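**Q** Shown below is the structure under consideration.
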Amino acid sequence: MKLRQASLAVILVTVFIDIVGMGMVYPILPRLVAEMLHGEVANASAFYGILVAIYCLMNFLASPTLGALSDAIGRRPVIFISLAGLGIDYLILALAPNLWWLVAARALAGMLSATYTAAAGYIADISPPEKRAQNFGMIGVAFGIGFIVGPLVGGLLGEIGPRVPFVVAAGFSLVNCLFGVFVVPESLRPENRRRFTFRDANPLGAFMKVAAYPALVPLLAVAILTNFAERGMESVGVLYTAYRFGWGPFQVGVSLAFVGFLVAIVQGGLIRIVVPRFGEWRTLVLSLVAATFAFVLYAFVTEAWMAYAVMVLHIVGWGCAGPAIQALASKAVPANEQGLVQGVFMAIATSVGVVSAPVSAGLFAWFIRPDAPFLFPGASFMLGASLFFVALLFVRRAPEYVRLAARPAVEAA
């Protein structure tokens, strides 16, 4: 038990350092795009949506490969590859002379960004089934704390210069890689490893293999719908708050730090109360209700304090939904396919951004143009609310399939 707790702590520290680096970059990259496009918000929004789509496409193609590879050779090597790749990505962003270099950097980051996938597989390895939802929630705690520190530091550094946060983030990632080499133990036992096949490396083949488990079918649908909404929000959030409230890098950093604080509270504390009391399936239903209302409110906020109030409802909903979905999914597959299933869900989380990012950014850009039929910068949030509502209906109509995931993997299969 002590060894498991120590391993969990070490992997959470790794995730934390990784998120600090990512959080430092998040408030600044849209600003860098706008600066390269001479401050044109509508055009910058559209191009930033394309950047997000490129990252998501490359991550979709690579995540199942890296997830399956972690089932074959272990979690540690995949984590090291991911951290080194992100460090190189940040250096390219720091030195990028034009928009094409930003495209190349985002493509590289998408291909090699697998820290979360490998960490989720790592936690599935060391956690008993009844503790997985809570331990998956601890990833959210590490994410949340990292997202408190990262955006604040990134916002402050961004006031110095738009390139400074990228240099510091590169240092964080490369130092984290060295930390992993010397400190992170391997979690995957030799008897739980399986042979790597190109079928598993094919994202569609891996998806079909995972979809063969009946309990995962509705969970895959819910993951697609909800992540479509979330990726859309991420593609317009920074530019939306700049347009609506006039926020600069520091204000954006403060708001993202607040989100990180909420994620840490929800996934580190609230989910440990909600899941044991209501179960994973009911937790998922309640979370989707909260997220639906939150996105509707985002679309109509007129003051900054309103946005902060809505963030609470949003993070309570989305912060509980993610670990509930992961826990249900992890119970539906054998021990030697945990990396594969987590890789597929990670691929879903990013691949939907190939469509949702340009669609949401395009909606935002269109409805703030002078020739728009009417001014409505919150259009992309209404789209997200609709998707959360459809996911809620889907889960409510198929509870018997979702509950299969609470059974042992062999019985569920």
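**Q** At 1.4 Å probe size, put M208, M111 in order of accessible surface, largest to smallest.
**A** From most exposed to least exposed: M208, M111.
**Q** Helix 249-265 sits at what angle to the longest principal axis of the chain, using alpha carbons and giving 0 to 90 degrees rounded to 10?
**A** 20
**Q** For the pair N98 and H38, how long in nm is the line joining their label points, each one 7 Å along Cα→Cβ?
**A** Placing both labels 7 Å along Cα→Cβ, they lie 1.6 nm apart.
**Q** Follow-up question, since we're still on this one. Does the stretch 11-81 come out rounded, prolate or oblate, given a ≥ b ≥ c as the square roots of the eigenvalues of its C-alpha gyration tensor, rounded meaning a/c under 1.5 and, failing that, prolate meaning a/b above b/c?
**A** Because a/c hits 1.5 or more and a/b fails to exceed b/c, the stretch 11-81 counts as oblate.
**Q** Note down the Stokes-Einstein diffusion coefficient of the stretch 119-166 in µm²/s, whole number, using a Kirkwood radius over alpha carbon pairs, 20 °C, and 1.002 mPa s.
**A** 170
**Q** Given a 1.4 angstrom probe, what's the average accessible area per residue across the stretch 5-99, in square angstrom?
**A** Heavy-atom SASA per residue in the stretch 5-99 reads 32 Å².
**Q** Given just the C-alpha atoms of the stretch 47-192, how large is their convex hull per residue in cubic angstrom?
**A** Spelled out: Cα convex hull of the stretch 47-192, divided by residues, is 115 Å³.
**Q** Once you wrap a convex hull around the alpha carbon atoms of the chain, what is its projected area averaged over all directions, in nm²?
**A** 18.1
**Q** Shifting gears a bit: How high is the FRET efficiency from W281 to V312, r the C-beta distance, R0 25 Å, rounded to 0.05?
**A** That gives a FRET efficiency of 0.60.
**Q** Please give the calculated 222 nm ellipticity per residue for the chain, where each DSSP H segment of at least 4 residues contributes -39500 (n - 2.57) and the sum is spread over every residue; nearest 500 deg cm²/dmol?
**A** Computed mean residue ellipticity for the chain: -27000 deg cm²/dmol.
**Q** State the percentage of accessible surface on the stretch 80-181 attributable to carbon and sulfur atoms; use a 1.4 Å probe and exclude ligands, DNA and RNA.
**A** 81
**Q** Could you give the angle, 0 to 90 degrees to the nearest 10, between helix 2-25's Cα long axis and the longest principal axis of the Cα atoms of the chain?
**A** It is inclined by approximately 20 degrees.
The values are calculated or read from the model by the stated rules, or taken from the named source; none is laboratory data. A quick note: this is a predicted structure, and the numbers were derived from the prediction, not measured. Note that each Cβ is placed from the backbone with ideal geometry, even for glycine, and that neighbours are counted across all protein chains shown. Surface areas here come from the heavy atoms of the whole protein model, side chains and all, with no ligands, DNA or RNA. Shrake-Rupley method; radii C 1.70, N 1.55, O 1.52, S 1.80 Å.
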